[in-house]
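Asks: The structure's right below; bear with me while I get my questions together.
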Amino acid sequence: MTAQPAAIEVKNLGRSFGTTRALHDVTFTVPHGAICGLLGSNGAGKTTAMAIITGQDRPGSGEVVIEGMTPFESDAVSEIISFVRDNQRYPDDFRLHHILRVAPLFHRDWDSQFAERLAALFGLPKRTLVKKYSRGQLSALAIVIGLASRAPITVFDEPYLGLDIVARERFYEELLADQAAHPRTFLISTHLVEEMEQIFDQVVVLNNGKVVLDASAEDLHGQATEVTGKYAELTEFIAQLPVLRLRKVGSLASAIIRPGLTSAQMEEARQRGLSTAPVALHDLIAAFGNTYSPDADSEADSRGSQE
Amino acid sequence: MFDESRPIFQQVADKICDDIMSGATAEGDQVPSTNEFALFYRINPATAGKGLNLLVDRGILFKKRGIGMFVAAGAREKLRAERENAFINTQIAGFVSGAKELGIDLETIQRLIAQEYRR
């Protein structure tokens, strides 16, 4: 029995632009029906990865396999993928109804009724030229297209830009409701980790073009531990531990340890007067962007020590 | 709605158990479906499902094929016993340790507890 291909397989993907290494040995797999979050700081490589995954760019090295096929310049893959990018341009004289009429040509499983309902839900103006749409309206349009496409692999790159909280909540609700009725594979990049982390099945974090975390939602919980207390005590405790980030303000300090502490280690911390807590995903991502170097003695992260 | 302290599926399970303990959800009542939970709390359906399945495994809920999930007979008593156990093993130890830290002696604690019971 041959194994079913996964929805998205990224294998040792590399991509450089001139001397800049945008992606380095990136490997991860997204199974069918998963809502996968692609996270990381600006410049981490998310958009580059998404462009290659959706066939708009080709790998520099390594490969991307979509449902067993190579996406670059593949009609078969285009049919089953939806990717409305951040700087999507539409013909100058297009209004909403033009887009909704043209979209089915690009998306095999397009649902017109769903599209109309979503367009109304997000209040997309019918008479305004799309080129005059605000940032928020463009994002809402991208969401309408992405969701109504019912594309088996639907990719969103920071879909919330310009959307207020009401619109964002509608997006999450429509996404979850549609996923329940018509499951598909989603790949979504976001900076709004706190808002979105609970809807992800899987989370992939990029930092400087590399994968630093690839975990299912249920495994995220124990990924790291934050230890807080007096700086002197803390530095002794963390001496032999894998510290991701150390923060210090005067004599107060906290360290993020990854992998997370064992219960024995947590007990030891408590006995030293230090407190431990799980690390929220958004704090973990912030930590990746501010990684710890023992030699620097956390100078870069020190604040307020000269009062 | 959910915090970092424990995995979300665990918190989903605990919410359902809280409702059963309080009587808000009675034995034999149907509980919301996986998708309803997911949509309402805006969480991933697999996470909601895991919380519900956890309770099925523990005998708190059962599935009626094609209809949904219901609270099992005896669930409330089962939960009460579980929570009583947890209370004795963790709460009491924590309580006594806290009292000792504050230097409150056994006699005083016993008197205070008795007072509280009489209220």
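Asks: Quick one: what pairs do we get from the range B:5-18, first residue facing chain A (nearest Cβ under 10 Å), second of a type in the set (A, V, I, L, M, F, W, C) and loosely packed, with under 15 Cβ neighbours inside 10 Å, C-beta under 8 Å, 6+ apart or different chains?
Replies: No pair meets every condition.
Asks: Sticking with this one: Among the listed residues A:Ala34, A:Ala115, A:Ala51, identify the single one that is in the same structural domain as A:Glu173 (by TED's automatic domain parsing) and over 30 Å from A:Val211 (Cβ atoms).
Replies: A:Ala115
Asks: Only residues that are of a type outside the set (Ser, Thr, Tyr) and either within 14 Å of another protein chain (Cβ to nearest Cβ) or surrounded by 12 or more Cβ atoms within 10 Å (Cβ to Cβ) (or both): list them for the range B:19-28, please.
Replies: Within the range B:19-28, B:Asp19, B:Ile20, B:Met21, B:Glu27 qualify.
Asks: Every residue in the range A:52-85 that is in contact with a helix residue (DSSP H, G or I) (Cβ under 6 Å, 6 or more places away or on another chain) and assigned to a strand (DSSP E or B), please.
Replies: First, the residues of the range A:52-85 that are in contact with a helix residue (DSSP H, G or I) (Cβ under 6 Å, 6 or more places away or on another chain): A:55, A:57, A:59, A:64, A:66, A:69, A:71, A:82, A:84.
Scanning the range A:52-85 gives A:Val64, A:Ile66, A:Met69, A:Ser82, A:Val84.
Asks: Hey, does the range A:19-29 have a residue that's in contact with a Ser or Thr (Cβ under 7 Å, 6 or more places away or on another chain) and not aliphatic (A, V, I, L, M)?
Replies: No, there is no match, as no residue in the range A:19-29 is in contact with a Ser or Thr (Cβ under 7 Å, 6 or more places away or on another chain) and not aliphatic (A, V, I, L, M).
Asks: Could you list, in sequence order, all residues of the range B:54-79 that are outside any strand (DSSP E or B), charged (D, E, K, R) and out of contact with any helix residue (DSSP H, G or I) (no Cβ under 8 Å at 6 or more places or on another chain)? First the steps, then the outcome.
Replies: Filtering the range B:54-79 for residues outside any strand (DSSP E or B) gives B:54-60, B:65-67, B:72-79.
From what is left, the residues that are charged (D, E, K, R) are B:57-58, B:65, B:76-78.
Selection gives B:Asp57, B:Arg65, B:Glu77, B:Lys78.
Asks: Can you tell me which of A:Ala49, A:Ala22, A:Ala6 is of a type outside the set (Lys, Arg), crowded, with 19+ Cβ neighbours inside 10 Å and not in a strand (DSSP E or B)?
Replies: A:Ala49
Asks: Counting residues that are touching a strand residue (DSSP E or B) at 6+ places or on another chain (Cβ under 7 Å), crowded, with 17+ Cβ neighbours inside 10 Å and within 13 Å of chain B (Cβ to nearest Cβ), which strands (runs of 3 or more DSSP E) fully inside the range A:127-235 reach at least 2?
Replies: The qualifying strands (runs of 3 or more DSSP E) are A:185-189, A:202-207, A:225-230.
Asks: Show the residue pairs meeting these rules: Cβ distance below 6 Å; 6+ apart or different chains; first residue within the range A:267-292 and within 13 Å of chain B (Cβ to nearest Cβ); second residue among the hydrophobic types (A, V, I, L, M, F, W, C) and in a strand (DSSP E or B).
Replies: A:Thr276/A:Val227; A:Val279/A:Ile256
Asks: Next question. List every residue pair whose Cβ atoms lie under 7 Å apart, where the two residues are 6 or more positions apart in sequence or sit on different chains, the first residue falls within the range A:161-184 and is under 14 Å from A:Leu121 (Cα atoms), and the second residue, located anywhere, is among the charged types (D, E, K, R) and not in a helix (DSSP H, G or I).
Replies: A:Tyr172/B:Arg42; A:Glu173/B:Arg42
Asks: Show the residue pairs meeting these rules: Cβ distance below 6 Å; 6+ apart or different chains; first residue within the range A:73-102 and over 23 Å from A:Lys132 (Cβ atoms); second residue among the charged types (D, E, K, R) and surrounded by fewer than 21 Cβ atoms within 10 Å (Cβ to Cβ).
Replies: Filtered contacts from the range A:73-102: A:Glu79/A:Arg108.
Here's the yes/no breakdown for (1) among the hydrophobic types (A, V, I, L, M, F, W, C); (2) farther than 30 Å from A:Phe186 by Cβ; (3) away from chain A (no Cβ under 14 Å):
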{"residue": "B:Tyr41", "(1), (2), (3)": "no, no, no"}
{"residue": "B:Pro45", "(1), (2), (3)": "no, no, no"}
{"residue": "B:Lys50", "(1), (2), (3)": "no, no, no"}
{"residue": "B:Ile60", "(1), (2), (3)": "yes, yes, yes"}
{"residue": "B:Lys64", "(1), (2), (3)": "no, yes, yes"}
{"residue": "B:Ala72", "(1), (2), (3)": "yes, yes, yes"}
{"residue": "B:Glu77", "(1), (2), (3)": "no, yes, yes"}
{"residue": "B:Ala81", "(1), (2), (3)": "yes, yes, yes"}
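Asks: Among the residues of the range A:210-233, which ones are over 30 Å from A:Pro31 (Cα atoms) and under 32 Å from the mean Cα position of the chain (by Cα)?
Replies: The answer is A:Glu226, A:Val227, A:Thr228, A:Gly229.
The values are calculated or read from the model by the stated rules, or taken from the named source; none is laboratory data. Only a predicted model underlies this, so the values are computations on that prediction, with no experimental measurement involved. In this analysis, Cβ positions are derived from the backbone assuming ideal geometry, glycine residues included, and neighbour counts consider all displayed protein chains.
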